[in-house]
Amino acid sequence: MKKVTKAVIPAAGLGTRFLPFTKSIPKEMLPIVDKPTIQYIIEEIVDSGIKDILIINGRNKVVMVNHFDNVPELEFHLKQTGKEEELRIIEDISNMANIFTIRQKEAKGLGHAVLCAKEFVGDEPFAVVLGDDVVYNADKPALRQMLDVYDRFGKSVIGVQQVPRQETDKYGIISKTDVEGNIYKITDMVEKPPVDEAPSNLAVLGRYIITPEIFGILEHTGKGAGGEIQLTDALKELCGNDDVYACDFEGRRYDIGNKEGFLEATVEYGLRRPELSEAFREYLKSLDADSIK
Ligand code: UTP
């Protein structure tokens, strides 16, 4: 069985749910406390054992790649002024992973973005992690949980979580048969079904391990929902040709691409930070939200 050694982060979307911020800055640069979202994503990938990472980017997105580069004048300054801790943090970021990039010249959809990774990936299984889904799990990253399922079955594995029934129309939803515990075999997938037609409440949430057969499928996948080339449509076809598993991963997931999800992440990550936690918790307790005009 081929090992998964590469990950792809599609980050070329227009981020219309987060305008005006995303007019000139990618949403992947939104800071959660003091780190850009993309750093949380890359840390999860690296902590899961993958170092070769392709970022699919668009216009305005070079700033994401700069974040993982060396900044000699900053490093020199930190060294000169004895700021050892800050220097270590900055150097760790540049040494964390091997970052590659490619431009998706037009935002034609997530499926089209993944197809842009074809040359980088070659004939190997690979991970796809969306830049706007952050998952917190201090014990085992969500992607590592999924790689463990791949290592057992050697087939594509889609990350899912249970969502409230009434929210199934916001997600890709799977039909499945049970395998064991939190592992399922996918029989079908449907993008944003009406609530009363959703085949389950297991939603596809921003993490995938996909076998390279997907590229042949994406090459002929036409426009789907929203006039975009949808990854879900290609995965649905893959399910018809081969076994595709789902892993209901454990972890608190935040949708940074929408404003509520971003605010929730900011508050909860702030509470997890030892240096901020006590004072911030007190502040939140003292807050009378209704009195804020
Ligand atoms: P989304 O639909 O959540 O992102 O796509 P978006 O299009 O940027 O945001 P909205 O809906 O307009 O607010 C899911 C992921 O796929 C990437 C996005 O960057 C995001 O991480 N994507 C989407 C691409 O890389 N290229 C595309 O053409 C579309």
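The values are calculated or read from the model by the stated rules, or taken from the named source; none is laboratory data. In this text the structure is predicted, and so the values were computed from the model without any measurement. Glycine gets a Cβ as well: all are built from the backbone with ideal geometry, and neighbour counts include every protein chain shown. For accessibility, only protein heavy atoms count, side chains too; no ligands or nucleic acids. Shrake-Rupley method; radii C 1.70, N 1.55, O 1.52, S 1.80 Å.
Key figures for this structure:
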item: Matching residues, the stretch 1-21, being open to solvent by 40 Å² or more (accessible area, probe 1.4 Å) and within 13 Å of the ligand (Cβ to nearest atom); result: 13, 14, 16, 17, 19, 20, 21
item: Any hit, the stretch 141-157, residues being open to solvent by 70 Å² or more (accessible area, probe 1.4 Å), within 22 Å of residue 51 (Cβ to Cβ) and away from the ligand (no atom under 16 Å from the Cβ); result: no
item: Unmet requirement for residue 205, which otherwise passes all of (1) within 28 Å of residue 116 (Cα to Cα); (2) free of Cβ contacts under 8 Å to residues at least 12 places away in the same chain; result: (2)
item: Condition broken by residue 229, with the remaining ones in (1) buried (at least 22 other Cβ atoms within 10 Å of the Cβ); (2) modelled with pLDDT under 95 satisfied; result: (1)
item: Single condition residue 240 does not satisfy, out of (1) more than 13 Å from the ligand (Cβ to nearest atom); (2) modelled with pLDDT of 95 or more; (3) open to solvent by 10 Å² or more (accessible area, probe 1.4 Å); result: (2)
item: Hits in the stretch 252-281 - residues which are in contact with a Gly (Cβ under 8 Å, 6 or more places away or on another chain), surrounded by 14 or more Cβ atoms within 10 Å (Cβ to Cβ) and in a helix (DSSP H, G or I); result: 276, 280
item: Subset of the stretch 170-181 [surrounded by 15 or more Cβ atoms within 10 Å (Cβ to Cβ) and not β-branched (Val, Ile, Thr)]; result: 171, 172, 175, 176
item: The lone exception for residue 83 - which of (1) buried (at least 16 other Cβ atoms within 10 Å of the Cβ); (2) without any contact (Cβ under 8 Å) to a residue 12 or more places away in the chain it fails; result: (1)
item: Test for residue 246: is it within 16 Å of the ligand (Cβ to nearest atom), in a strand (DSSP E or B) and either modelled with pLDDT of 95 or more or more than 19 Å from the chain's Cα centre (by Cα) (or both); result: no
item: Residue in the stretch 205-216 that is assigned to a loop (DSSP other than H, G, I, E, B), open to solvent by 20 Å² or more (accessible area, probe 1.4 Å), over 23 Å from residue 41 (Cβ atoms) and away from the ligand (no atom under 16 Å from the Cβ) present; result: no
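Rundown of residues vs (1) under 20 Å from residue 58 (Cα atoms); (2) within 16 Å of the ligand (Cβ to nearest atom), yes/no style:
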site: 82; (1), (2): no, no
site: 103; (1), (2): yes, yes
site: 109; (1), (2): yes, yes
site: 120; (1), (2): yes, yes
site: 126; (1), (2): no, yes
